[in-house]
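Structure record follows, encoded as structure tokens.
The values are calculated or read from the model by the stated rules, or taken from the named source; none is laboratory data. Because the structure is predicted, anything quoted here is derived from the model rather than measured. Neighbour counts are summed over all protein chains in view; Cβ atoms, including those assigned to glycine, are modelled from backbone coordinates with ideal geometry. What goes into the accessible areas is simple: the full protein's heavy atoms, side chains included, and nothing from ligands, DNA or RNA. Shrake-Rupley method; radii C 1.70, N 1.55, O 1.52, S 1.80 Å.
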Amino acid sequence: MSTAVLDVTDFSHPVAQWPFLPVLSRMGMAIAVGIFVGLEREHSQKTGVRTFALASLACCLGGMMGTLYAVFGLGFAAIGIVAMNYREMAKTRELALTTSSGLAVVALAGVLFGQGHVFTPTVAGILTAALLAWKKTISHFADVVSERELRSAILLAILTFIVFPILPSHPVDPWGLIEPRSNWASVVIIAGIGFVNYVLMRLFGPRGLEITAFFGGLVNSRKVIVELGTRFKEMGLGVLRSVQRGILLATGAMLIRNGLIVAVLAPQAALRCVIPLSLMLLASAGLWRRIPATAGEASNPELRLESPFRLAAALKFGFVFLLLNVTGALAQRQFGQESFYFVSIAGGLLSSASSIAAAATLMARHEISDAIGINGIVLSTLTSVLANIPLIQSLLPDKALKRRINLELAGIALVGLLGVFANELVFRHLFPA
């Protein structure tokens, strides 16, 4: 719903009595949006600034004068669109559909400005300019997305926007452990985070091990480490430094992702996770910077990472999340809240994202205290880092590289453990019982 911040004055009285500032503000906003979108079209050597600005201004005047005049303004824009396409067809035998769509949006925004709206038409203009300017990027992403990935994304959208609203919002079992809607909401949020990260990785493309390792780590750091080990076996010492740097980048990206999950699902706990997660991230970044990169070393190999928004991946995450959620709730009911720490450690071995989402859900339902949940989140993250040590031990053939990386991961985990104690001291001092 639009939020009108300008003075919404009745413009039905004689034109001579129209208030000066509201009129000037609305016309100025309409022209500004027209110029903003038109600049992009002008830069692309299409119908440009003046046409867009005049169409928006005409529609703004129509919007101020009433519905009938707004229709006249839109008709003026429609005539311009027809003439523009006729000229384009005569010159290139092609229709200017993208420019026409942009001009139509600008015209509608002009009408809304004339009626006193601000937020909606402004955002519409910005998004229009962004979509026009990012043509190559969007087209590139459309080209690299496979048919299988597209089908999976559509199916996930159905599960999100059609199935999710009809799920029960109350426990469906006698023990009050399973709430389908809240549980699936967490799955959808994590899948959405993975989707955004995967899009970024696809847009940047395989420009080297390190870039892909970072964006891949935001999706699945363990899979990245497996892929890095595979590349090292194939290419040998030529990618040694890049593999080492890539593992540290994937670990740091995993920490960023876990922090984001906490911020989204348990914002009340986010502040108390800042110290340990930040210290681990700083340790990862510091170790990464200490390793010199060899120019051109990581320019050729490509990491093959599967899409995180496949239905199978989402259902697998949902199953692990539900298992940890139910196990955590039962454990704290039977053995006390501290037993959740064992669930967190087990969750870190399986999937730190699932474990953290489960902890956040249990905190939201008051099944565990914030303090227990926060410690569980950090424990799960520490376990996830340390669980990569035996994985690296089995993957990498070079003993020296294995020893260096294992010491680095152990050091990151140790820093995180120290961060837990620092966290307790800081918050006990700030919020004494």
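So here's what we get for this one:
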read-out	value
Qualifying residues in the range 317-337 (those that are out of contact with any helix residue (DSSP H, G or I) (no Cβ under 7 Å at 6 or more places or on another chain) and assigned to a helix (DSSP H, G or I)) - the one farthest from D173 (Cα to Cα)	F335
Search result, residues across the range 341-356 that are open to solvent by 30 Å² or more (accessible area, probe 1.4 Å) and not small (G, A, S)	Y341, F342, I345, L349, L350
Identity of the residue in the range 245-284, among the polar types (S, T, N, Q) and open to solvent by less than 40 Å² (accessible area, probe 1.4 Å), that ends up nearest to E210 (Cα to Cα)	T251
Flag for L305 being touching a Lys or Arg at 6+ places or on another chain (Cβ under 8 Å) and either in a helix (DSSP H, G or I) or modelled with pLDDT under 70 (or both)	yes
The lone exception for S299 - which of (1) more than 24 Å from T381 (Cα to Cα); (2) modelled with pLDDT of 75 or more it fails	(2)
Test for G62: is it surrounded by 13 or more Cβ atoms within 10 Å (Cβ to Cβ), over 38 Å from the mean Cα position of the chain (by Cα), modelled with pLDDT of 65 or more and within 18 Å of L112 (Cβ to Cβ)	yes
L287 being open to solvent by 10 Å² or more (accessible area, probe 1.4 Å) and assigned to a helix (DSSP H, G or I)	yes
Answer residue from the range 310-340, given it is closer than 15 Å to A185 by Cα and open to solvent by less than 20 Å² (accessible area, probe 1.4 Å) and is modelled with the lowest pLDDT among those	A314
Among the residues listed as I374, I392, I368, the single one being among the β-branched types (V, I, T), under 30 Å from Q334 (Cα atoms), touching a Lys or Arg at 6+ places or on another chain (Cβ under 8 Å) and surrounded by 16 or more Cβ atoms within 10 Å (Cβ to Cβ)	I374
Unique residue being farther than 16 Å from F342 by Cα and either part of a helix (DSSP H, G or I) or acidic (D, E) (or both) when the list is I392, I377	I392
Selected residue [open to solvent by 40 Å² or more (accessible area, probe 1.4 Å) and either touching a helix residue (DSSP H, G or I) at 6+ places or on another chain (Cβ under 7 Å) or charged (D, E, K, R) (or both)] from F36, F113	F36
